[in-house]
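Down below is the structure, laid out as structure tokens.
The values are calculated or read from the model by the stated rules, or taken from the named source; none is laboratory data. None of these values were measured; they are calculated from a predicted model. Neighbour counts are summed over all protein chains in view; Cβ atoms, including those assigned to glycine, are modelled from backbone coordinates with ideal geometry. With ligands, DNA and RNA removed, areas are computed over all heavy atoms of the protein, side chains included. Shrake-Rupley method; radii C 1.70, N 1.55, O 1.52, S 1.80 Å.
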Amino acid sequence: MSITLPATGLAVVAHGKGDLRVEEIPLTAPAPNESIVEIAYGGICGSDLHYWLHGAAGESILKEPMVLGHEIVGVVVRQAADGSGPGVGTAVAVHPATPAPGDVRYPEDRPNLSPGCTYLGSAARHPHTDGAFSRYANLPSRMLRQLPESLELRTAALVEPASVAWHAVGRAGDVKGKTALVIGSGPIGALAVAVLKRAGAARIVAVDMHDKPLEIARAVGADQVLKGDDAEAIAAVDADVVIESSGSHFGLASAIKGATRGGKVVMVGLLPSGPQPVFISLAITRELELLGSFRFNDEIDDVIAALADGSLFVDPVVTHEFNLSHGLEAFEVARNSAESGKVLLNFQQ
Ligand SMILES: NC(=O)c1ccc[n+]([C@@H]2O[C@H](COP(=O)([O-])OP(=O)(O)OC[C@H]3O[C@@H](n4cnc5c(N)ncnc54)[C@H](O)[C@@H]3O)[C@@H](O)[C@H]2O)c1
Ligand SMILES: [Zn+2]
């Protein structure tokens, strides 16, 4: 059984630099392999903010209006016509990536590295890949992950960024019993703290420039917090594993300083393209392992299971929720990382 859908639905559309609109968009017919998902919540991510504020996220430049949003959860209201994917009424999280094998070599078991990979709400390709900050979204069955009944949709809204954090921690290998340092305690850093805690890190130190992110980091499991970039205090942490989640070269410098000899530094914060001024020489003489971390693969299934069984605790990361009608206000709050953690849009009316 499926409900009768309206002809249009409200969506958050980036039209260009500084031009973000909450507007009605037409509902298009889904492809045979696509389900229609009624979106419940959407988390605002740094890339959404970049498209709004700069008309670009890194190298991805907005050339036409694009629906934003890749951190979404909802309920299937029409199953894919080809019978694939979950049935009507199923609550789902969404894996936003579509890997695209091409002629460039990459490790096959790491589709996140496929060079032509598209992502919901990304202007990396032309035409752009619309996101799903919309009342209804047509999504291919393979993106949909059924949510256990015990998992509330509001908590599940963190599945995507938590998967980014899970993948980043996973890059460091076994962290059980280790000392971990997290540089930058925004949503990604705070979620990394939560993942480290669950994975059995013995001591977790979180760093940020502001009080609010540090409060959140403590609430999800940091044993100690450090405010600012006091090089001596950071070096004294002497961490086996460092997660760089500030996305600034200052943060990366702190990450390198805070790593113990032979330690691992996972770089998940995205730096601007081009040369970065970082004290890299320490990485040589201390034999640090510098590891990149980009998006995630099947970790999303582990994250859903861990959220559902309560072993991964992330609730404090969400600090604000706005109805879609106040979408622009939500973006204003989200851009102020001194005051907000993850800001959710509520699409339910
Ligand atoms: N690699 C990936 O796949 C991936 C995926 C999602 C997000 N990201 C990136 O991860 C980073 C974090 O994302 P977020 O949503 O938490 O962003 P955010 O901007 O909300 O958080 C960054 C935090 O770092 C803090 N910070 C800035 N400079 C610092 C410094 N020198 N030392 C310590 N803290 C500092 C800020 O105060 C802020 O709280 C961003 O760069 C984002 O683009 C990467
Ligand atoms: Zn995101």
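Structure notes:
- Solvent-accessible ranking of 191, 291, largest area first, probe 1.4 Å: 291, 191
- Over 18 Å apart at the Cα level, from the set 176/257; 176/342; 257/342; 176/197; 227/257; 212/342, are 176/257; 176/342; 257/342.
- Over the chain: Kirkwood hydrodynamic radius from C-alpha pairwise inverse distances, Å: 20.5
- Share of carbon and sulfur in the accessible heavy-atom surface of the chain [1.4 Å probe, %]: 52
- Efficiency of FRET from Cβ geometry, residue 81 and residue 5, R₀ 22 Å, rounded to 0.05: 0.95
- Kirkwood-type hydrodynamic radius, segment 53-208: 17.7 Å, calculated from all non-identical alpha-carbon pairs.
- Segment 239-349: radius of gyration over Cα atoms, expressed as a fraction of 2.2 N^0.38 Å: 1.36
- Relative contact order of segment 162-292, taken over Cα pairs closer than 8 Å and 6 or more residues apart, is 24 percent.
- The chain - share of DSSP beta bridges that are antiparallel (%, nearest 5): 60
- Just so you know, the averaged projected area of the alpha carbon convex hull for segment 1-73 sits at 5.9 nm².
- Virtual paramagnetic centre 7 Å along Cα→Cβ of residue 338, amide N under 18 Å, in segment 170-197: 184-187
- Full extension of the chain between residue 103 and residue 142 yields a length gain of 11.7 nm, computed as 0.36 nm times the residue separation minus the alpha carbon distance.
- Leading residue at positive end of dipole, the chain (Cβ point charges), from 133, 94, 252: 252
- Share of pairwise Cα separations in segment 189-240, more than 18 Å, in percent: 26
- Eigen-decomposition of the gyration tensor built on the alpha-carbon atoms of segment 162-292 gives equivalent ellipsoid semi-axes of 19, 16, 14 angstrom, largest listed first.
- Just so you know, the Rg over Rh for segment 51-119 is 1.05, from Cα atoms, with Rh as the Kirkwood radius.
- Each Lys and Arg contributes +1 and each Asp and Glu -1, all at the Cβ; summed about the Cα centre of segment 162-292, the dipole is approximately 340 debye.
- The chain - mean residue ellipticity at 222 nm from DSSP helices (-39,500 (n - 2.57) per run, n ≥ 4, rounded to 500): -6500 deg cm²/dmol
- With a cut-off of 15 Å on the backbone N, the residues of segment 207-233 near the modelled label site 7 Å out from residue 279 along Cα-Cβ are 229-233.
- If R0 is taken as 30 Å, the Cβ-Cβ distance between residue 150 and residue 174 corresponds to a FRET efficiency of 0.60.
- About its Cα centre, the chain has a charge dipole of approximately 400 debye under the convention of +1 per Lys or Arg Cβ and -1 per Asp or Glu Cβ, with nothing else charged.
- Chain lengthening between residue 19 and residue 286 when straightened (0.36 nm per residue, less Cα-Cα): 91.4 nm
- Axial C-alpha extent at least 30 Å, average Kyte-Doolittle at least 1.6 - helices from the chain (DSSP): none
- Paramagnetic label zone (point 7 Å from Cα along Cα-to-C-beta, residue 230; backbone N under 20 Å) in segment 187-214: 203-214
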